[in-house]
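Please read the structure below before turning to the comments.
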Amino acid sequence: MASNPDKVRDYLFRLAAVVVGLIALAFVPAFIDPYSLRIVTGALMWAGLACAWNIVGGYAGYISFGHSAFFGIGAYTTAILMQSGIGMPFLATLVPSVIVAMIVAVIIGGPTMRLRGAYFAIATWAFSEMLIQLATVLDVTGGTGGLSVPAYLNEFFFYYTMLAAAAASFLGVWYLIEYTRFGFRLKALRDHEPAAEAMGIRTNLVKVQAFALSAAITALFGSVFAYWTTFIDPQSVLGPDITDQMVVMVLLGGLGTIWGPALGAVVLWTTNRYIWSTFGDTVVYLPILGLIIAMVVLFLPNGLISLFVGRRRGRELISRILRKF
Amino acid sequence: MSSPAIKTSSTNKSPLVLESVVKRFGGVTAVNGVSLEVAPGEVVGVIGPNGSGKSTLFSLAAGGQPTDGGRVWLDGVDVTGQPTWRIARSGIGRTFQIPSLFDNMSVRENLLAAAVEGDWKGAPGRAEEVAEMLQITHVINNLASELSGGQQKLLEFGRVCMRDPKVILLDEVTAGVHPNIRIIILDAIRRLRETGITFLIIEHDMEMVREICDRLIVMNMGEIVAEGTFDEIASNVEVQSAYLGRQP
């Protein structure tokens with residue numbers, strides 16, 4: 001939408017920064033070894049997942065503890081459709097993955113997003129736990145034995161696929177949140193739901209739309225992950241640690257900001273991988289992670305992104321979302 | 001104590017008509033069979049002691065609370081039992097007793113957010129006009145949470161103006177504000193009523209009520225106890241009884 005000159009200048013500046021960043025990222029594989037490339041690919045995936053969770057947690061103000069369900073739906077849809085009986089090519093599985101996740105999100109989000117705070121968090125957590133149990137007992141998902149996906153051992157392909165998915169997610173969300181009616185509706189209901197309704201905003205519908213969008217992006221990365229790792233089982237794609245990582249990455253980077261989740265994901269994932277490669281396990285990672293989170297919450301309540309774009313609204317935003325509990 | 005008989009048009013074509021609306025909270029009847037009708041461009045004040053049911057009456061009109069009885073008509077359309085968002089889209093705008101701003105958005109964004117269900121393309125220009133009318137242009141890029149109490153009242157009023165409603169409900173819009181801000185609000189109400197917008201105003205500031213309202217409705221214990229011009233109300237013994245505890 002048209003806006004004042006300052007806003008247009010700001011928009012163009014940000015767009016130029018994004019283009020330069022994307023060009024730089026496109027050349028990354030030429031300068032790093034395959035192991036590092038795998039880490040960067042993982043960072044892109046987690047950045048996209050954090051971006052997806054941030055739509056519901058940061059912009060709608062509803063803390064979801066069940067987002068691993070949509071990651072798993074995406075992963076399983078791709079894995080099932082690529083099995084020898086069906087044999088769909090990977091790229092063709094992306095659309096059904098996203099559509100299935102959106103349909104499930106609408107069905108689940110319709111009733112659960114009328115709940116507030118902790119009740120919503122518990123409902124989403126229970127839903128993801130239910131899916132783990134389903135995936136464990138169903139034949140189509142391979143049960144506890146999981147599913148293998150035809151291997152495609154090309155790290156460059158997965159790097160560029162993750163980059164494209166992450167870039168599309170961030171740019172799409174950025175545009176939707178900052179420049180469309182949907183974004184204004186979403187931020188309005190987060191800040192004051194009764195006032196948003198008093199202005200004609202159909203808040204229940206907007207919340208479900210946000211949930212479905214968030215689920216679609218999460219499922220997209222689940223699909224790519226399944227093809228990338230070539231094997232999935234209930235814990236690897238539906239486990240609660242997937243949601244936990246998304247939540248922590250967003251809080252670390254900056255809740256309710258466009259680029260904060262990306263920053264949080266990159267910092268957390270590279271720290272995780274560095275500790276893993278240095279100490280040989282990720283147990284020591286947990287206390288270090290706890291320390292980092294405590295420091296950020298105490299000194300940078302709006303996350304690491306506030307080091308770059310100001311911190312004035314952090315405490316208020318977090319307290320507003322927590323008040324819903 | 002029963003409400004005085006209020007004439008409602010047989011077709012209910014007035015901008016706002018309440019017919020015998022009732023609201024109970026447990027054993028307490030907050031609004032007890034209140035009826036009123038507001039004409040186009042009319043400014044009606046609703047006064048009464050704390051707890052008399054004024055804000056609840058607003059919530060019933062705007063859909064914030066479901067009614068336990070009676071009907072609400074907006075511009076000839078029965079909106080009883082409709083969700084708040086649908087009633088808002090029917091042409092009613094309201095402010096709250098405590099300003100309910102979008103604290104993490106700027107003043108400009110607050111104004112734009114009010115237009116998401118209306119003329120979105122024209123919203124930026126309209127936001128500038130509204131900010132100018134309410135003299136908040138100098139803080140238009142500030143976060144809403146950074147505004148003073150008076151500026152917050154102005155912004156909330158501005159958000160309602162952004163939607164071009166047919167009826168505006170103002171709940172103590174000048175309470176606790178600087179006299180200059182009170183003047184700005186009064187001027188804005190006068191300008192808007194000239195365009196045909198109807199106002200229902202809850203107010204404790206009797207000077208403002210006297211200046212701006214065509215008619216007053218006095219509530220006590222959930223019922224209308226008197227209705228008339230400011231002078232008629234000022235000399236009404238039942239009103240004195242409600243406010244001062246004098247026996248009529």
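The values are calculated or read from the model by the stated rules, or taken from the named source; none is laboratory data. These numbers come from a predicted model, not from an experiment. Positions of Cβ are backbone-derived with ideal geometry, glycine not excepted, and every protein chain shown enters the neighbour counts.
Which ones in the range B:125-144 are crowded, with 18+ Cβ neighbours inside 10 Å and part of a helix (DSSP H, G or I)?
If the condition is that a residue be crowded, with 18+ Cβ neighbours inside 10 Å and part of a helix (DSSP H, G or I), then B:126, B:127, B:130, B:131, B:133, B:139, B:144 are the ones that fit.
Of all residues in the range A:179-188 being in a helix (DSSP H, G or I) and more than 7 Å from chain B (Cβ to nearest Cβ), which is surrounded by the most Cβ atoms within 10 Å (Cβ to Cβ)? Can you show your working first?
Here is the first cut: in the range A:179-188, the residues in a helix (DSSP H, G or I) are A:179, A:181-188.
After this cut, where a residue has to be more than 7 Å from chain B (Cβ to nearest Cβ) as well, the list is A:179, A:182-183, A:186.
Numbers: A:179: 15, A:182: 17, A:183: 21, A:186: 28.
Filtering first and then ranking leaves A:186.
Just checking, which of A:112, A:141 is surrounded by 16 or more Cβ atoms within 10 Å (Cβ to Cβ) and either over 15 Å from residue A:214 (Cβ atoms) or modelled with pLDDT of 95 or more (or both)? Write out each step before concluding.
Working: A:112 fails: either over 15 Å from residue A:214 (Cβ atoms) or modelled with pLDDT of 95 or more (or both).
None of the others qualify; the one that does is A:141.
Looking at (1) within 14 Å of chain A (Cβ to nearest Cβ); (2) touching a residue at least 40 places away in the same chain (Cβ under 8 Å); (3) surrounded by fewer than 24 Cβ atoms within 10 Å (Cβ to Cβ); (4) of a type outside the set (Phe, Trp, Tyr), can you tell me which one residue B:61 breaks?
Just one mismatch for residue B:61, condition (3).
Yes or no: the range B:90-104 includes at least one residue that is in contact (Cβ under 8 Å) with a residue 24 or more places away in the chain, within 9 Å of chain A (Cβ to nearest Cβ) and farther than 23 Å from residue B:62 by Cβ.
Scanning the range B:90-104, I find at least one residue that is in contact (Cβ under 8 Å) with a residue 24 or more places away in the chain, within 9 Å of chain A (Cβ to nearest Cβ) and farther than 23 Å from residue B:62 by Cβ, so the answer is yes.
Can you give me the number of residues within the range B:59-92 that are in a helix (DSSP H, G or I) and farther than 15 Å from residue B:22 by Cα?
Filtering the range B:59-92 down to residues in a helix (DSSP H, G or I) leaves B:59-62, B:84-89.
Next cut, farther than 15 Å from residue B:22 by Cα only: B:84-89.
So the answer is 6.
Can you name the number of the only condition in (1) over 17 Å from the mean Cα position of the chain (by Cα); (2) crowded, with 16+ Cβ neighbours inside 10 Å; (3) of a type in the set (Val, Ile, Thr) that residue B:237 fails?
Exception for residue B:237: condition (2).
I'm trying to understand the selection: among the residues of the range B:111-155, which are within 26 Å of residue B:87 (Cβ to Cβ) and facing another protein chain (nearest Cβ under 8 Å)? It would help to see each step written out before you state the result.
Here is the first cut: in the range B:111-155, the ones within 26 Å of residue B:87 (Cβ to Cβ) are B:111-123, B:126-127, B:129-130, B:133-134, B:144, B:152-155.
The answer is B:112, B:113, B:114, B:116, B:117, B:118, B:120, B:121, B:123.
Of the residues that make up the range A:69-83, is at least one modelled with pLDDT under 95 and either over 15 Å from the mean Cα position of the chain (by Cα) or crowded, with 19+ Cβ neighbours inside 10 Å (or both)?
Of all residues in the range A:69-83, those modelled with pLDDT under 95 come to A:83.
Applying the additional criterion that residues be either over 15 Å from the mean Cα position of the chain (by Cα) or crowded, with 19+ Cβ neighbours inside 10 Å (or both) yields A:83.
Scanning the range A:69-83 turns up at least one residue that is modelled with pLDDT under 95 and either over 15 Å from the mean Cα position of the chain (by Cα) or crowded, with 19+ Cβ neighbours inside 10 Å (or both).
Taking the range A:189-214 on its own, how many of its residues are touching an Asp or Glu at 6+ places or on another chain (Cβ under 9 Å), of a type in the set (A, V, I, L, M) and at the interface with chain B (Cβ under 8 Å from one of its Cβ atoms)?
3
Would you mind listing the helices (runs of 4 or more DSSP H) fully within the range A:199-260 where at least 3 residues are within 30 Å of residue B:87 (Cβ to Cβ)? Lay out the reasoning, then the answer.
Details: elements: A:203-229, A:234-238, A:240-253.
Answer list for the range A:199-260: A:203-229.
Okay, residues lined up against (1) surrounded by fewer than 21 Cβ atoms within 10 Å (Cβ to Cβ); (2) out of contact with any Ser or Thr (no Cβ under 6 Å at 6 or more places or on another chain); (3) more than 22 Å from residue A:52 (Cα to Cα); (4) free of Cβ contacts under 8 Å to residues at least 40 places away in the same chain:
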| site | (1), (2), (3), (4) |
| --- | --- |
| A:194 | yes, yes, yes, yes |
| A:197 | no, no, yes, yes |
| A:205 | yes, yes, no, yes |
| A:224 | no, no, no, no |
| A:255 | no, yes, no, no |
| A:265 | no, yes, no, no |
| A:274 | yes, yes, yes, yes |
| A:278 | yes, yes, yes, yes |
| A:285 | yes, yes, yes, yes |
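Given the criterion without any contact (Cβ under 8 Å) to a residue 12 or more places away in the chain and not aromatic (Phe, Trp, Tyr), identify the matching residue among A:95, A:100, A:106, A:56. So that I can check it myself, show each step before the final result.
Values: A:100 fails: without any contact (Cβ under 8 Å) to a residue 12 or more places away in the chain; A:106 fails: without any contact (Cβ under 8 Å) to a residue 12 or more places away in the chain; A:56 fails: without any contact (Cβ under 8 Å) to a residue 12 or more places away in the chain.
When all the criteria are applied, what remains is A:95.
How many residues does the range B:92-124 hold that are buried (at least 19 other Cβ atoms within 10 Å of the Cβ) and among the polar types (S, T, N, Q)?
Initially, the range B:92-124 is screened for residues buried (at least 19 other Cβ atoms within 10 Å of the Cβ), giving B:92-96, B:99-105, B:107-116, B:123.
Subset that is among the polar types (S, T, N, Q): B:95, B:100, B:104, B:110.
Total satisfying the criteria: 4.
Within the range B:43-58, track down each residue that is closer than 18 Å to residue B:17 by Cβ and touching a helix residue (DSSP H, G or I) at 6+ places or on another chain (Cβ under 7 Å).
Hits for the range B:43-58 are B:43, B:45, B:46.
Residues to consider are B:71, B:89; find the one that is touching a Gly at 6+ places or on another chain (Cβ under 6 Å), basic (Lys, Arg) and crowded, with 17+ Cβ neighbours inside 10 Å. Don't jump to the end; show me each part of the working.
Working: B:71 fails: touching a Gly at 6+ places or on another chain (Cβ under 6 Å).
From the options B:71, B:89, the qualifying one is B:89.
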